Structure formats: C-alpha cells, structure tokens
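Written out below as structure tokens is the structure these notes cover.
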Amino acid sequence: MPRKITLRLTEDDRRLLRKIAQKDENWRVRERAQTVLYFDESRSAEEVAELMGLHVRTVSSTRTAWLAKGVESLPDLPRVGAPQKLEPHQSSQVVEWARQQPGSARDLQNRLESEGGPHVHLNTIRATLHRAGMVFKRTRHSLKKSEMK
C-alpha cells in the first residue's frame, strides 16, 4: 500500500492554491499548485502522479519543496545562461529609437553600432523589442497577382 502523506493546509493556503491553479500565467506554477492540492486530499504520490500525468519523483519533489518553503516553492528558480548582449540603457535606447522612427531591425542595428554600442545580431534587436511589447514584422508585398486582363 503506497504511503500517504497528508499536507495539512490552512483554509487560506487552499484558497490561494486554488486561485494560483486556475489563474497563474505560468503553467508550471499552476501544475505545482494543483499537485499540492491533490496531496491535501490525502492522496498518495502514485495517485497524484497518475492524475497529473507526471512522474512520481516529480510530484514527490513538489511535495517536499512545499513542506520546506511553502508558496515560495511554486515558481521556477532563476536559471543560469549567457549574459545579456545589451546593457539595460542600450536596450531602452533601441526601444526608444524604434518608437520614435519605426524602421527595420537592420536600421536599429546600424544606428546602435554608429552610436558606439556593441555589434549584436538582428535577433537580439528583435528580442529586445519583443520584450518591450513591440511586434516587429517585415513588410510583405501583396500576394495578389496583378489583375488579369
């Protein structure tokens, strides 16, 4: 018989977890919140894993993290990665240039370099604008052929 460890959640915790499980923008946080709620119902790790479609180790580690840190265990921890190519002031400058005078990513790249900034890939420029909430698309010519005679 699988061992059942009941999490004794307060009503406030249950309310918060239900809200997080329904409305959080990050699917992993929603999944972890739902996992904790299932454990609060006196379910075993195997039952929760089957309900959630996850591995037993995954739901067990979620339970262990909840016991150690509570709500703080739900979001992902920061991950390591390559350092940003642009300094924050350079990123804000590129966004400002794009707002003032829309053009191509190559125009922004050339302007950044001429102003003494680093040489960055066009995708870096596009990603910077995307993070600022801007949609950067190329102009397409009409797909309609000229009218037939």
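Would you compute, from DSSP H runs of 4+ residues alone, the mean residue ellipticity of the chain at 222 nm, taking -39500 (n - 2.57) per run and dividing by the full residue count, rounded to the nearest 500?
-17000 deg cm²/dmol
Among T128, A49, N110, pick out the residue whose Cα is farthest towards the positive end of the charge dipole of the chain, where Lys and Arg carry +1 and Asp and Glu carry -1 on C-beta, about the Cα centre.
Of T128, A49, N110, it is N110.
Just the number please: accessible area per residue for region 21-106, 1.4 Å probe, all protein chains included, in Å². Intermediate results must be reported in sequence, preceding the final value.
Numbers: 5780 Å² over 86 residues.
Averaged over the residues of region 21-106, the accessible area is 67 Å².
To the nearest 10 degrees, how steeply does helix 105-114 sit against the main Cα axis of the chain, on a 0 to 90 scale?
80
Given (i) 2, 8, 14, 16, 12, 9, 6, 5, 4, 4, 3, 3, 3, 3, 2, 2, 2, 1, 0, 0; (ii) 2, 9, 18, 23, 21, 15, 8, 3, 1, 0; (iii) 2, 8, 14, 13, 9, 6, 7, 9, 10, 9, 7, 4, 2, 1, 0, 0, 0 as candidate values of P(r) over Cα pairs in 5 Å bins from 0, in percent, which corresponds to the one derived from the coordinates?
It is the value labelled (iii).
Quick one: pull the percent of accessible area on the chain belonging to carbon and sulfur, 1.4 Å probe, ligands and nucleic acids left out. Mind showing how you got there, number by number?
On the way: 5700 of 11450 Å².
Exposed carbon and sulfur together represent 50 percent of the surface.
In what sequence, largest accessible area first, do I20, I125 appear using a 1.4 Å probe?
Details: I20 25, I125 0 Å².
I get I20, I125, largest accessible area first.
Once the Cα atoms of helix 56-69 and of the chain are each reduced to a long axis, what angle between those two axes, in degrees from 0 to 90 to the nearest 10, is obtained?
Tilt of helix 56-69: around 90 degrees.
Could you give the longest part of the chain that holds none of the GluC sites (Glu not before Pro) found in DSSP loops with at most 15 neighbouring Cβ atoms within 10 Å?
Working: sites that count: E25, E41, E115, E147.
Answer - 42-114.
State the extension gain, in nm to one decimal, for the chain segment bounded by E25 and R131, taking 0.36 nm per residue of separation less the distance between their alpha-carbons. Don't skip to the end; give the middle numbers.
On the way: separation 106, 0.36 × 106 = 38.16 nm, distance 1.62 nm.
36.5 nm is the gain from fully extending E25 to R131.
Using a 1.4 Å probe, how large is the accessible area of R28, given in Å² and rounded to the nearest 10?
Number for this one is 90 Å².
As I understand it, the value is the acute angle between the Cα axis of helix 27-40 and the longest principal axis of the Cα atoms of the chain; what does it come to in degrees, rounded to 10?
The angle comes out near 10 degrees.
Full extension from L122 to A65: what is 0.36 nm times the residue separation minus their Cα-Cα distance, to one decimal in nm? Mind dumping the intermediate values first?
Working: separation 57, 0.36 × 57 = 20.52 nm, distance 4.03 nm.
So the extension gain works out to 16.5 nm.
The values are calculated or read from the model by the stated rules, or taken from the named source; none is laboratory data. Computed from a predicted structure; not experimentally measured. Note that each Cβ is placed from the backbone with ideal geometry, even for glycine, and that neighbours are counted across all protein chains shown. All accessible areas refer to the heavy atoms of the entire protein, side chains included, with ligands and DNA or RNA removed. Shrake-Rupley method; radii C 1.70, N 1.55, O 1.52, S 1.80 Å.
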